[in-house]
Structures are given as C-alpha cells and as structure tokens.
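J.: Next up is a structure, given as structure tokens.
Please treat every number below as a calculation from the coordinates, not as lab data. Worth saying up front: this structure is predicted, and the values here are computed from it rather than measured. Don't worry about glycine lacking a Cβ; one is built from the backbone with ideal geometry, like all the others, and counts go over all protein chains shown.
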C-alpha cells in the first residue's frame, strides 16, 4: 500500500508545528510517501517464520532502499481493525456495519464470463465444501463477472453468508459474447470441408466432357471461395468476442484494485476462471499481402497488473476445468495417477503449460506475487492452500530515495538471504506508482470521477462515512452528511501556518440518472483544527433533492493533488 501524508500526520499529532514553521520556503510541501511491501517466503517445509529485517533487500527500479518499517504478521492473529460501530443509516467505504476494517482480506471472483457452465458446477461444489471449514477470522467477499461485475456478498467472516452467496451463482450462465451466427458459420465450414468435390456429370461427347470439366472447375472455385469467406467471417467474429471478454475482464480487475486500495495489508484475489489466452498463437491469419496478425492481449494484462500492484493485491487464478475436462489427453498420463495432488507447474508436462489461458493465469499470478493453480481436480484443497499461503507475512516499508515522484510506475524486487536453510519461493508485489503530488494529476480528474461513478465497487483510497436524512417539512429533500478521513489526503503549508488541500466532490443519484453535482472544494485549516480533523474526520454537509425517487446516491471524492479516490453509495429513502 502506498501512503500519503504519513509524515504530516506524525508531525502534527506530535505537536511540532513550530519546527515546521521555521522553514523559510513559501510553502512547505508534504510529499513523503511510505511504500509498504508485504512478502511471503516459503521453504521446503512451508512458510518461513524466523526471518528478520537484515535478511531482506528491497530494490526500487533496481536501486537498494533503506527499510524503515519491519513487522511480522501471522494469519491466525486477529485481522479486523475494530472501530466504533456505524450508526443506523451511516455507510462507509472502509468499515463494515459492525465497525470493522477488513485487513488482509480475500476476494473470490466467480468468472462466468470466461468459464463454461459445465466447469462451473463441480468447482462451485468444491469451493462451498471448503467454505464450510473457513477460519472464522478470515474476511472474504464474493463477486461475480458476467458481462458486468457485481457484488454478491461483500466482506464477511460468516461462512454461512458466503455459502449462500456462492450458491446464487447457480443461476448464472457462462456468457457467450460471440455473435449468434458464429456456430452456424463454423458448421458451414465443417460441412464444406467434409463434402468433397461435387460429382462429375456423365459426358456424351468430347465437347460435352470439356464443358462438364469447366463447370466442375468453376464449382470447385466457388466452393473454395465460399469456404474461405465463411472461415474469415467466423474468425473475425471470434476475434471480436475474445477482445470483448479481455477488455471486460481487464476493467473488472482494475475496479477490484480500486476497491481494495485503501484496505490495509496484503489482499488476495482468487480468480476462478477458464481464462483466455494472452497470446493466441492458434489464431494467426493473414492481413493484407504479407502481414500475419496474432492476437496479443499482454498490454491489457500488464495494465491490470499495475493497478493490482498499486493496490497490493496478489492474484491466485484457479482453473475450474480440471484435468479430465480441460486436458483429457493428460488423464491417462502416468505422472497424473493421483490428479488431486497436482498443483505445481514444475510437475506438469508441456501440454499443460500451452493449454488456452494458462499463460494468462501465470502472467497475472507472477506479476502480482500470487500463484496460479491449474490441472487439478481438487479445488477444495487448492482453496485451502491459497487461504493458508499468507500464514506468515513480512511487512517491509521504505521511503523512496528517488525524489523524482513523477507518477511513473516503479518496479519492485525483494531478495532474501538466509543462512542455514534453502528458500524456495519469495512472493511480493512487483511495483507501485510513484504519485507526484506537485503535478496535481490535473487535466484528468473529470475522467477519473466519471470512471469511479461507473464502478460498481467503492473506491477506498480515501476513507468516507456518509448518511442522508430527510429534511423536515421538505418532501424529497435530504441532508447529506459526509465525513472524510484526512490521513490519505495531500496537504501543503502556507506561509501563514495554515494547511491547505483541494478535493473534487461529485454526486450522482442512481446509475442512469442525470441528477447530480460536481464542485471543487479548498480545505484550509489551522494546525489545531487539522489535529482535530485527523482524529475525527473532516465533515461536509450538502442538500440533495431527489423528489419522489428513492435509491442510492453515489458520492465520489478525489484528492486534487494525487488523484486518490474515495466513494460510497448512500441510501436515500431506502429502508
């Protein structure tokens, strides 16, 4: 997780504002960022729990960094950060109704978009079987992706609620985004290929034989042209369908990353999916006279990986196709006599590594510090392995030595040197965005607000609590009470000692409604008031007019300096 304003928070609460005031610069800019990296280390016998700070080295764009924060966390320690329970009618983008902030949570993404219905059935049964034995302290959410991303169950430690949510996916069918006439075209191709040449009509004379042969040649040419046109049309439709699947999946992964950014700890995303190929070598076709086009979706995947890394989310793909479904040619292989034990890529034959979608699974897992699981018929055991993967987490933090925080993506690498025992696996996120507060992320804030409005999940980088209560004597008018947590907001200090920040506040009533508002707000606080607001939050009050309509008011706040987002759906007139 990338934190902003950490130095400011510490200095103000410590009461050392007079020290800051001694600087002669016109404005003291708070641009200190703490980059946190959660690391999972495994040896031959499982997680390694006895490492210390000197065993780790962090490289930021290849440069070693001084580790300023070090801690060790166990998955069996309490994960939820307790706060005061939310009052009736109050909602938060970080806290549950009981006042808990899920730490190190897990999202199960049920991908009906890229998975056949027949493959969903058995894996659903196995995942539900695992959830019955879920540890009560593990916060888990269930989302589903069809043509859009939806929340079936947000974070809870109640396995009964999770099982009920997962059972609801029974009604979902695997989305076929291809054109409706695609199977007909593919059937025509098969018929044309199997029909063979048309029969030669009997000839009664040499002239008749020549004419018959000419007609036969013409028919064969027409047949070849028809076959070629049908195949080209089928290929084009298949390509468009696959592109749609990839872009919808990419958007869903980025939406989940935005939703999890503000939650503490290393997050796990279990992507239950039949996937799609990152590089479709089986779909090579000619474009023009000499160019051969190959579908390559790696740029879209790398973009999603960067968003997931910025949110400290590790992806654990789980292939629901199993051995007998996805790779029947492997079922009789001697090395797979016990398919329930297969989960390591190192033990797979080459055919498994080239199966459709395996490259995408490995790319997302390897790029985010997770692990891919495929060619296995033991999904329940795989879920247990994934949930226990973070049994021991080493949390490292550093302040980047490179002061050119230009908004670019920085690559991260973690090395572990341990005496007296071999280390088999070190996993951590592979990068972060070095946000530049001085550039104000200007020019794109309207686009980001619009994108956040469309996101079915709430952005959590800025913490929000909100409620809407009816105004007495004014039908259809509500008072919006919004509390913004300032710990993620960028502040600058003016010469007179006051601290300033800028936010954009947008509202929209309902998903398709044109009712809403947009305003730019300048927050200007004395040091004393800032201390209080850091503790209690910064309160904003607005009036919302909805008339006779009821529903949810989508509220989005953006830090004008860094682009950090927070959003929340506030019930208006909803019991």
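J.: FRET efficiency for residue 98 and residue 498, Cβ-Cβ distance as r, R0 = 35 Å, nearest 0.05?
T.: Calculated value: 0.40.
J.: Output the Cα-based Rg and Dmax of the range 474-525 in Å, rounding Rg to one decimal and Dmax to a whole number.
T.: Expressed in Å, the Cα Rg and Dmax of the range 474-525 come to 15.2, 46.
J.: Using a Förster distance of 41 Å, how high is the FRET efficiency between residue 125 and residue 44, based on the Cβ-Cβ distance and rounded to 0.05?
T.: Computed FRET efficiency for residue 125 and residue 44 comes out at 0.80.
J.: Distances longer than 20 Å among the Cα atoms of the range 32-165: what percent of all pairs is that? Intermediate values should be presented prior to the final figure.
T.: On the way: 5666 of 8911 pairs.
More than 20 Å apart: 64 percent of the Cα pairs in the range 32-165.
J.: Of 368, 261, how do they rank once you tally other Cβ atoms within 10 Å and put the fewest first?
T.: Going from least to most buried by this count: 261, 368.
J.: Pop the C-beta distance of residue 66 and residue 151 into the FRET formula with R0 = 45 Å and round what comes out to the nearest 0.05.
T.: Calculated transfer efficiency: 0.65.
J.: Which stretch or stretches of the range 526-570 have amide N atoms under 14 Å from the point lying 7 Å from residue 87's Cα along the Cα→Cβ direction?
T.: Inside the label zone: 537, 539-541.
J.: Related question: Would you calculate the separation in nanometres between label points at residue 408 and residue 161, each defined as 7 Å from the Cα along the Cα-to-beta-carbon direction?
T.: Distance between label points: 4.4 nm.
J.: Subtract the Cα-Cα distance of residue 135 and residue 168 from 0.36 nm times their separation in residues, and report this length gain in nm to one decimal.
T.: So the extension gain works out to 9.7 nm.
J.: Between residue 415 and residue 59, how many nm apart are label points set 7 Å from Cα along the C-beta direction?
T.: About 0.6 nm, to one decimal.
J.: Can you give the convex hull volume per residue for the Cα atoms of the range 117-166, as a whole number of Å³?
T.: Looking at the range 117-166, the number lands at 65 Å³ per residue.
J.: Sort 38, 158 so the one with the fewest other Cβ atoms within 10 Å of its own Cβ comes first.
T.: 158, 38
J.: Could you work out the Rg to Rh ratio of the range 456-575, with Rh taken as the Kirkwood radius (inverse of the mean 1/r over all Cα pairs)?
T.: Details: Rg = 15.3 Å, Rh = 15.2 Å.
My calculation puts Rg/Rh at 1.01.
J.: Neighbouring Cβ atoms within 10 Å as the yardstick, rank 268, 44 fewest first.
T.: In order of increasing Cβ crowding within 10 Å: 44, 268.
J.: Please compute the modelled spin-label separation between residue 303 and residue 524, points set 7 Å along Cα→Cβ, answer in nm with one decimal.
T.: 4.0
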